[in-house]
Amino acid sequence: MRVLICGGDGYLGWPTAMDFAATGHEVMVIDNYLRRTIARSTRSEALLEAPNLDDRAELFQSIAGHRIEVRIGDCADPTFLNAVFSSFLPDTVIHYAEQPSAPYSMRGFHEARLTFDNNLRVTFALIWAILQFKPDCHMVKLGTMGEYGTPNIDIEEGWIDIEHKGRKEKFLFPRQAGSLYHTTKVLDTDLLWFYVRTYGLRVTDLMQGPVYGLSTDQADLDDRLLPNFHYDDIFGTVVNRFLVQAVAGIPLTVYGKGGQTRGYLNLRDTLQCVYLAATKPAKERELRIFNQFTEQFTVNQLAERVSRAGNSLGLDVAVQSIANPRKELEDHYYNAQHSGLVELGLKPHPMTDEVLIGMLERVIANKSRIDTKKIMQRVRWA
Ligand code: USQ
């Protein structure tokens, strides 16, 4: 397949690019370094400094022998995107090119507008690039479990059958996100559904939970190929943050009561899910939705697991509940279906002590790079 990865510099984009290239696909990545720019301006740089995309691609080719084409530019700019798209003519486009931080999107007007503009405009530009140049191209779009929020009923896999006054219809499962970032993903889904049912696009929308990890088959070849591992309050997801806090000797920052439940997955499983979705594509005129996570945990359960793994390595890990900077339920019902990707062939990598210990060891090796000023939460949902 010819695979175009939009957002190829990201935590997920770069390992995805190596994964597809290593399995024999023709890969092109696009990125405008938005995440790097935001990270610099908010003092949220990743633990390890990643080489730029051209350097990473050259390094990967010299080590693994697989080629990744790089284009630096803004996917929201139709002139740039259409030129790239019409020359590469991808069979699959993987859409990661969004501002991915909920806290950043809640920081103020400028950050909210940037998130809104970027995320919606990229999705819109990609839809039109497909319509104009390669209508049978399959879009694999990264959505989020956060689109659903935490309703007091079971969360279905994207769709729900409703019976109302004796008549039945299938609708998108109700969405009620808890940050502006998550809301842009709800709007993306609606936009995609319009273009799918009206213009016949084929789309897989992956409702992903928080990801953890830094090890993948390709990234393990050389430290300079590792994904951007963030532990700050802007880009760091909770498990990665807790691991760094455990190593830095800072009590794990449980927000509020810690009963917040989410579906989590290992980075390796994100790669599997995206690969399965791409190689077993949605049909024409189909918006296929999968809930992409492998295990559900509360924040308290995560803190307990990380402290157990840390203590086994001789770290003295404390846990502390701090005032929740977000507006979210801290104790709630949560039961989300997630069988679709398993039926497609996903073999989950569970969050074992061994997995957490392996990650802790890598963080310990880079302990001197931890900047503790990046850890405490700086953004409040006003
Ligand atoms: N949390 C803490 N302490 C921390 C950090 C987070 O208790 O130090 C809590 C949060 O309040 C939340 C849960 O942990 O209840 C998850 O937070 P997170 O920061 O790991 O995840 P979130 O902001 O929801 O966003 C992340 C990714 C986002 C993706 C989303 C999937 O950054 O791109 O869409 O996970 S989901 O959460 O399922 O919507």
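The values are calculated or read from the model by the stated rules, or taken from the named source; none is laboratory data. What you are looking at is a predicted structure, and each value in this text was computed from that prediction instead of being measured. Every residue, glycine among them, receives a Cβ derived from its backbone with ideal geometry; neighbour counts consider all protein chains shown. What goes into the accessible areas is simple: the full protein's heavy atoms, side chains included, and nothing from ligands, DNA or RNA. Shrake-Rupley method; radii C 1.70, N 1.55, O 1.52, S 1.80 Å.
Within segment 285-299, is even one residue assigned to a helix (DSSP H, G or I), within 14 Å of the ligand (Cβ to nearest atom) and surrounded by 19 or more Cβ atoms within 10 Å (Cβ to Cβ)?
Yes.
Could you list, in sequence order, the residues of segment 335-353 that are assigned to a loop (DSSP other than H, G, I, E, B) and hydrophobic (A, V, I, L, M, F, W, C)?
Leu346, Met351
Before we move on, is Asp154 farther than 28 Å from Phe229 by Cβ, among the charged types (D, E, K, R) and in contact (Cβ under 8 Å) with a residue 40 or more places away in the chain?
Yes: the conditions hold for Asp154.
Give the residue, chosen from His182, His164, His110, that is over 24 Å from Val84 (Cα atoms) and either in contact (Cβ under 8 Å) with a residue 40 or more places away in the chain or hydroxyl-bearing (Ser, Thr, Tyr) (or both).
So the residue among His182, His164, His110 that is over 24 Å from Val84 (Cα atoms) and either in contact (Cβ under 8 Å) with a residue 40 or more places away in the chain or hydroxyl-bearing (Ser, Thr, Tyr) (or both) is His182.
Among the residues of segment 161-177, are any surrounded by fewer than 23 Cβ atoms within 10 Å (Cβ to Cβ), of a type outside the set (D, E, K, R), under 21 Å from the mean Cα position of the chain (by Cα) and within 20 Å of Tyr96 (Cα to Cα)?
Yes: one or more hits.
Can you list the helices (runs of 4 or more DSSP H) found entirely within segment 1-69 that contain at least 1 residues being under 13 Å from Phe235 (Cβ atoms), at pLDDT 95 or above and open to solvent by 10 Å² or more (accessible area, probe 1.4 Å)?
Output list reads 34-41.
Considering only segment 70-81, how many residues are more than 25 Å from Ala282 (Cβ to Cβ) and either outside any helix (DSSP H, G or I) or touching a residue at least 12 places away in the same chain (Cβ under 8 Å) (or both)?
Count: 6.
Is it the case that Leu346 is closer than 30 Å to Pro281 by Cβ, open to solvent by less than 70 Å² (accessible area, probe 1.4 Å) and touching a residue at least 40 places away in the same chain (Cβ under 8 Å)?
yes
Taking the conditions exactly as written (among the β-branched types (Val, Ile, Thr), over 23 Å from Leu4 (Cα atoms) and outside any strand (DSSP E or B)), does Thr189 satisfy them or not?
Judged against the criteria, Thr189 is not a match.
Among the candidates Leu187, Leu206, Leu201, which residue alone is at pLDDT 95 or above, open to solvent by less than 50 Å² (accessible area, probe 1.4 Å) and over 16 Å from the mean Cα position of the chain (by Cα)?
After ruling out the rest, the residue left standing is Leu201.
State which residue pairs qualify: first residue within 16 Å of the ligand (Cβ to nearest atom) and inside segment 310-326, second residue of a type in the set (D, E, K, R) in any location, beta carbons under 6 Å apart, and separation of 6 or more residues or different chains.
Sorted first by the residue in segment 310-326, then by its partner, the pairs are Pro325/Arg380.
What number of residues within segment 113-171 are small (Gly, Ala, Ser), in contact with an Asp or Glu (Cβ under 8 Å, 6 or more places away or on another chain) and within 16 Å of the ligand (Cβ to nearest atom)?
Going through segment 113-171 one residue at a time, the tally reaches 2.
Can you find, within segment 241-260, the residue that is nearest to the chain's Cα centre (by Cα) among those that are more than 8 Å from the ligand (Cβ to nearest atom) and either charged (D, E, K, R) or surrounded by fewer than 20 Cβ atoms within 10 Å (Cβ to Cβ) (or both)?
Out of the qualifying residues, it is Gly259.
Would you mind finding the one in Ala303, Ala309, Ala336 that is open to solvent by less than 30 Å² (accessible area, probe 1.4 Å) and closer than 30 Å to Arg288 by Cβ?
Of Ala303, Ala309, Ala336, the one residue that is open to solvent by less than 30 Å² (accessible area, probe 1.4 Å) and closer than 30 Å to Arg288 by Cβ is Ala336.
Since Leu329 meets every condition but one in (1) hydrophobic (A, V, I, L, M, F, W, C); (2) within 16 Å of the ligand (Cβ to nearest atom); (3) closer than 24 Å to Glu361 by Cβ, which condition does it not meet?
Exception for Leu329: condition (3).
State whether one or more residues within segment 216-228 are among the charged types (D, E, K, R), more than 12 Å from the ligand (Cβ to nearest atom) and open to solvent by less than 10 Å² (accessible area, probe 1.4 Å).
Looking for residues that are among the charged types (D, E, K, R), more than 12 Å from the ligand (Cβ to nearest atom) and open to solvent by less than 10 Å² (accessible area, probe 1.4 Å), one finds none in segment 216-228, hence no.
If I ask for residues that are buried (at least 22 other Cβ atoms within 10 Å of the Cβ), in contact with a strand residue (DSSP E or B) (Cβ under 8 Å, 6 or more places away or on another chain) and not in a strand (DSSP E or B), which ones from segment 82-126 would you list?
Phe85, Pro90, Tyr96, Ala97, Glu98, Val122, Thr123, Leu126
Tell me whether segment 264-275 contains one or more residues that are over 20 Å from the mean Cα position of the chain (by Cα) and more than 9 Å from the ligand (Cβ to nearest atom).
No, that holds for no residue.
What are the residues in segment 70-81 that are open to solvent by 20 Å² or more (accessible area, probe 1.4 Å) and either closer than 25 Å to Lys373 by Cβ or among the small types (Gly, Ala, Ser) (or both), if any?
none
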